[in-house]
Every structure is written in structure tokens, then in C-alpha cells.
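Quick notes on the structure that follows.
The values are calculated or read from the model by the stated rules, or taken from the named source; none is laboratory data. Quantities reported herein were computed from a predicted structural model and do not represent experimental measurements. We place every Cβ from the backbone using ideal geometry, glycine too, and count neighbours over all the protein chains shown.
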Amino acid sequence: MYEKIGPIEIFGDNSSKVPFCTTLLLTNNRESILLDCGAGFDSLAHIKKTYDVDKIYLTHHHIDHMWGVSHFPEAKVHINPLDFEKVSDLMAISHADGMLAVLEEETFQLWLKQQENRRFGDIAVGKRTLRPDGNYPMDELIEIAGVDVRFIHAPGHSEGYTIPYIEKYGVAYIGDIDLTSFGPFYNELEADIDDFIASAKKVLDLDVAHIVTGHHKGIVSKQEYKEKIVDYLNIIEMRHEQIAHHIRNGISPAALPEQGIFYRKEQLVGSPLRRKSEIIGIYKHLERLSHEGGVSVRFIEEYIQQHIARQEYLNYGQ
């Protein structure tokens, strides 16, 4: 994908499918700046050849949005303040995403070694951590390559997640509010279902003509977003009812992650990351159901006993 809106160039190899993500380039006669850095090997090679990238602003710490930073060693890297320390600390990342809680010690140590050169299938994208040079203020205007950008705090997908909003050109980069058929991803301990919903709806309040997703969909109009976001968020409620239905019908806590709520059973085989995401995603819904009176404390306790190897790391930010 390549599009240009005013001075904003938008890149994304292979429709920005994971492990790639849409990347925005802002440039003038003084500087060239990237918003996120995971567009794909071809796009990043083109950018590196064509521009001297001075700074990189990251919306959050997930690797698909930051793995390309190593291609621009001279660039200064900035990230939101909630991720500033986390992104350089693999243990902090592992606590936030739930790996530290879910994995047994032996599997977790293997996982840590794999983060030195993270792979998605046959694609190796490099080290999971980086050391940023600074953090940017959220919800304030920042001048980037002569353009005012506001990084709107939009938690839910992650606690520090931001949406770069460029009002002058009617552009909002919503990233992982991606409108895909998979649905919203909140399968980490730092994520929050209700925050995700609120942040997705917050986009409707922006004066935008071009809404840029981080994966698959590319650029949609505000009217398209208004229509698509209903079905996208409804996937949350479908998952919620599916879990509640299984519980009403007497499923055991041990069997719940095998019911294909997020991933098909065969997709979990040999993938600690997907299994963790299935377990944590269901746990998020169980917490929600608990507030609604739809599941017993005993059921949740048994679920934790069955699927959380290290319960002391289950709570995050509490």
C-alpha cells in the first residue's frame, strides 16, 4: 500500500498484515519523521534510501509497530510516557502482555530467548525491546515536520496506546482499532475491553476525512468507519455471549480455552503467544461477566488455577 494525503505518505507492505503495520511519513525541507515503524522490508528500504529519517514516534510498544526502528540507527525514537520504560524492559513487557503469568518457567525462559530475534512464522523482525530517546506528551499538539500532530491517548488495546491526529489534513491513524474480521485485540493484561470500546467511539468525535488503520483495511472515510465500527465492536459482544453460553451449559474452566473464542483450536498448537492470548482474552471476559453476575467466583478461581502458571503476575497496574 502507498497513499499520499497532503505531505503525509502512507506505507504498508502486504496490506500491512502482521508482522507489518501501516507507517506514516511526514517530511519537509528540514526533517523527515515516521509515525510507527513497521511498514515492511520493501517500504522501509525505500524510505531509508530516499529520506534521512530524523525521528520516529511510536504509538505503543508492540513489536509490529516498532521492529523497523533498527533500520534507522541515527533516528531519535519517542514513545508515549506509559511505554517509555516498559519498551526497554523485557520482563515489564512480559508482565504487561501476560506471558509472565501464563507460561511455565521453562517455556517462559525459552520465550525470552526468542525475543532476541522475534519471528512471525518465517519472518524474523529482530529484537523485541528498544531504548527510546524520549517520550511525547499525550493529548497535546506537537509540531512534526511543520505539521501539528496530537497523540490522543486511546487506551484499551494497550494502556499507553495513542492515535496520531493531524487535523489540518483530516487524518487520524487509528492503528490497531483496525476493523479486521478478527475483531478487537485486548488479549493482554494491560488491555481493557471497556477502554477499547470507548477509544474506538472517541474516533467518531474527530474532524477527519481519512481514517488510517494499522492492518488490512488501509484508509476508510469517516462514514465508512461509522458503519464498520458497529460490526467490529459487536465481535466483543459475540465473544462475551459465547463464553456466557458455554458457562451456562456447564463447561469446565479447563475446557474453555479450547472452544475457539478467539483462535481455532488448531491455531493454538505450538504457539505459546496465541495460547496466552486465548487464555488472557477469556479471562478479560470472565472479569466482565463477574461484574454482571454471569459467572461465579469459584469458576474464575478454577480457571486461574488451570491456566495461570504464576498467579502472582496476574494482576497488572493494581
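See the values below:
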| item | result |
| --- | --- |
| Some residue of region 133-143 being farther than 23 Å from residue 27 by Cα and at pLDDT 95 or above | no |
| From 217, 202, residue being under 21 Å from the mean Cα position of the chain (by Cα) and either of a type in the set (Asp, Glu) or assigned to a loop (DSSP other than H, G, I, E, B) (or both) | 217 |
| Answer residue from region 63-91, given it is part of a strand (DSSP E or B) and of a type outside the set (A, V, I, L, M, F, W, C) and is nearest to residue 279 (Cα to Cα) among those | 78 |
| Cβ-Cβ under 8 Å pairs, at least 6 apart or on other chains, region 92-108 side over 16 Å from residue 278 (Cβ atoms), far side among the aromatic types (Phe, Trp, Tyr) | 94/108; 94/111; 95/313; 95/316; 96/316; 100/108; 100/313 |
| Qualifying residue in region 145-167 (condition: within 15 Å of the chain's Cα centre (by Cα), part of a helix (DSSP H, G or I) and within 25 Å of residue 308 (Cα to Cα)) | no |
| Filter result (at negative phi and surrounded by 13 or more Cβ atoms within 10 Å (Cβ to Cβ)) within region 115-132 | 115, 118, 120, 123, 125, 127, 128, 129, 130, 132 |
| Answer residue from region 48-59, given it is free of Cβ contacts under 8 Å to residues at least 40 places away in the same chain and under 18 Å from residue 149 (Cβ atoms) and is farthest from the chain's Cα centre (by Cα) among those | 51 |
| Residue that is in a strand (DSSP E or B), farther than 21 Å from residue 178 by Cα and modelled with pLDDT of 95 or more, where the choices are 10, 33 | 33 |
| Filtered residue count, region 93-114, keeping only those that are buried (at least 17 other Cβ atoms within 10 Å of the Cβ) and in a helix (DSSP H, G or I) | 11 |
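Conditions tested, residue by residue: (1) surrounded by 15 or more Cβ atoms within 10 Å (Cβ to Cβ); (2) on the phi > 0 side of the Ramachandran plot; (3) part of a loop (DSSP other than H, G, I, E, B); (4) of a type in the set (Ser, Thr, Tyr).
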| residue | (1), (2), (3), (4) |
| --- | --- |
| 189 | yes, no, yes, no |
| 196 | yes, no, no, no |
| 225 | yes, no, no, yes |
| 243 | yes, no, no, no |
| 257 | yes, no, no, no |
